[in-house]
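Just below is one structure, and these are the notes that go with it.
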Amino acid sequence: MPNFDLRTAPLRDLNRTLHALRPDTNETHWTVTGPDGRHAIAAGLDAPISVEIEGNVGYYCAGMNKLATVLVNGNAGVGVAENMISGLVHVRGDASQSAGATAHGGMLIIDGNAGARCGISMKGVDIVVKGSIGHMSAFMAQAGTLTVLGDAGEALGDSLYEAKLYVRGSVKSLGADCVEKPMRDEHLKQLADKLAAAGLTGEVSPSEFRRYGSARTLYHFHVDNAGAY
């Protein structure tokens, strides 16, 4: 199992090495020590490898991830898993703003809290936050799911498209065009699957959550809705 210590070697060398790995590589599990809040660690990966980071990371960790599993044993800065395509990113601490922003697929799990704009413009990713999320989360979220075991801040789901939002706790306020919707059997099944994928089977029940989605009044401009834009 290769180990890379960022206190003794440049971050550029780490990412260059990881980018050079082919899908059939034998070096499938990497450990990174001494991250000390450096930015863009394990960004742009494109191989089915596992990277375990021992400590806190800075901006854009695991951004543009494809196929890889990235585990952060610490907190993450702005934009963790931004524009992720596939794979798994798991933060065992808290995440700052814009976690999972614009991500197209895969799963992002945050064991702690996530800051403002979690899941902004998400395009198919599944995000599970075991704590609470900040304001303007899921702004213009287009597809995928955002599951929050804690509370949500102001303007949840502002200008939402077709992403599905599940919140177990309280919601401070809903954004423009975001409304509470009924939890039908299909949604309970979907939520159960996401909770299971995040290792939460038996810890919480899908029936404890409420679902939020788009009222679909802002899809196309209409003068009667001008005040909502």
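Rule-based calculations on the coordinates, nothing more; no lab input. These numbers were taken from a predicted model, which means no experiment stands behind them. Using ideal geometry, Cβ is built from the backbone for each residue, glycine included, and neighbour counts are taken over all protein chains shown.
Under a 5 Å amide H cut-off, with hydrogens placed 1.01 Å from N, residue 50 pairs with 29, 30, 69 among residues at least 5 apart or on other chains.
Based on DSSP, what percent of beta bridges with both residues in the chain are antiparallel, to the nearest 5?
15
Taking P(r) over Cα pairs in 10 Å bins from 0, in percent as calculated from this structure, the corresponding entry among (i) 9, 34, 32, 17, 7, 1, 0; (ii) 7, 33, 35, 18, 5, 0; (iii) 8, 23, 23, 17, 13, 9, 6, 1 is (i).
Tally Lys and Arg at +1 and Asp and Glu at -1 over the other residues with C-beta under 12 Å from the C-beta of residue 124: what net charge comes out?
It works out to a net charge of 0.
Going by a ≥ b ≥ c, the root eigenvalues of the Cα gyration tensor, does segment 41-112 fall in the rounded group (a/c under 1.5), the prolate group (a/b larger than b/c) or the oblate group? Taking the square roots of the gyration eigenvalues as a ≥ b ≥ c, segment 41-112 is oblate.
In order along segment 117-126, phi translates into HN-Hα couplings of 6, 4, x, 4, 6, 4, 10, x, 6, 9 Hz, rounded to whole numbers, per the Karplus curve 6.51 cos²θ - 1.76 cosθ + 1.60 with θ = phi - 60° and x for Gly and Pro. Full extension of the chain between residue 19 and residue 7 gives 2.3 nm of extra length, using 0.36 nm per residue less the Cα-Cα distance. Note down the relative contact order for the chain as a percent, whole number, built from C-alpha pairs under 8 angstrom at least six residues apart. It rounds to 10 percent for the chain. Put simply, when 117-126, 60-69 are sorted by average Cβ atoms within 10 angstrom per residue, most first, you get 117-126, 60-69.
Amide H contacts for residue 114 (H built 1.01 Å from N in the peptide plane; partners 5 or more residues away or on another chain; cut-off under 5 Å): 95, 132, 133, 134.
Any idea what the relative contact order of segment 33-102 is, in percent, if you count C-alpha pairs under 8 Å spaced at least 6 apart?
About 28 percent, as a whole number.
Around residue 154, under 13 Å between beta carbons, what's the net of Lys plus Arg minus Asp minus Glu among the other residues? So the environment of residue 154 carries a net charge of 0. Output the 0 to 90 degree angle, nearest 10, between the alpha-carbon long axis of helix 185-197 and the longest principal axis computed from the alpha carbons of the chain. Helix 185-197 and the main axis of the chain meet at about 20 degrees. Backbone amide hydrogens, once placed in the peptide plane, bring residue 4 within less than 5 Å of 31, 32, 33, excluding anything fewer than 5 places away on its chain.
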